[in-house]
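Asks: Attaching a single structure in structure tokens format; questions to follow.
The values are calculated or read from the model by the stated rules, or taken from the named source; none is laboratory data. A quick note: this is a predicted structure, and the numbers were derived from the prediction, not measured. When we count neighbours, we look across all protein chains shown, and the Cβ atoms used for this are built from the backbone with ideal geometry, even at glycine.
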Amino acid sequence: MGKLPYPLVSDWHRQTVKDYKVFNDKGEVAIRSVFVVNKEGVISYINTSFKADKKEDYEAVFAELEKLTNQ
């Protein structure tokens with residue numbers, strides 16, 4: 001895969017998904033969500049109902065990333 005130009009996180013103890021309020025207690029898994037965090041560490045985009053088969057959801061994320069890239 002090579003080196004990624006952004007950091008990835010792991011949430012082994014599920015604390016982050018609980019802090020971000022996207023933890024499904026029933027299944028003990030995260031709700032499929034997208035959070036974009038800018039260089040200052042501020043969340044600039046949230047989608048807590050992301051659908052993997054919905055093209056518009058991807059386009060919205062890419063549009064936000066493009067905005068951040070051009071700042």
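Asks: Do we find that G2 is at positive phi and not charged (D, E, K, R) in this structure?
Replies: Spelling it out, G2 is indeed at positive phi and not charged (D, E, K, R).
Asks: Going through region 39-68 one residue at a time, which ones are aliphatic (A, V, I, L, M) and either more than 13 Å from the chain's Cα centre (by Cα) or not in a helix (DSSP H, G or I) (or both)?
Replies: V42, I43, I46, A52, A63, L68
Asks: Another question, then. Quick check on my filter: what residues within region 1-38 are assigned to a loop (DSSP other than H, G, I, E, B) and aliphatic (A, V, I, L, M)?
Replies: Of everything in region 1-38, those that are assigned to a loop (DSSP other than H, G, I, E, B) and aliphatic (A, V, I, L, M) turn out to be M1, L4, L8, V9, V22, I31.
Asks: Looking at E56, E40 in this structure, which one is more than 17 Å from P5 (Cα to Cα), exposed (fewer than 10 other Cβ atoms within 10 Å of the Cβ) and of a type outside the set (A, V, I, L, M)?
Replies: Of the residues listed, the single one that is more than 17 Å from P5 (Cα to Cα), exposed (fewer than 10 other Cβ atoms within 10 Å of the Cβ) and of a type outside the set (A, V, I, L, M) is E56.
Asks: Go through region 1-33 and give me each residue that's exposed (fewer than 14 other Cβ atoms within 10 Å of the Cβ), among the hydrophobic types (A, V, I, L, M, F, W, C) and within 17 Å of I43 (Cα to Cα).
Replies: Start the filter on region 1-33 by keeping residues that are exposed (fewer than 14 other Cβ atoms within 10 Å of the Cβ), which leaves 1-15, 18-19, 21, 24-29.
Now restrict to residues that are among the hydrophobic types (A, V, I, L, M, F, W, C): 1, 4, 8-9, 12, 29.
The answer is L8, V9.
Asks: Cβ contacts < 6 Å: first residue over 15 Å from N38 (Cβ atoms), restricted to region 52-71; second residue surrounded by 14 or more Cβ atoms within 10 Å (Cβ to Cβ) and at pLDDT 95 or above, any location; separation 6+ or different chain. Result?
Replies: Pairs found: D57/F50.
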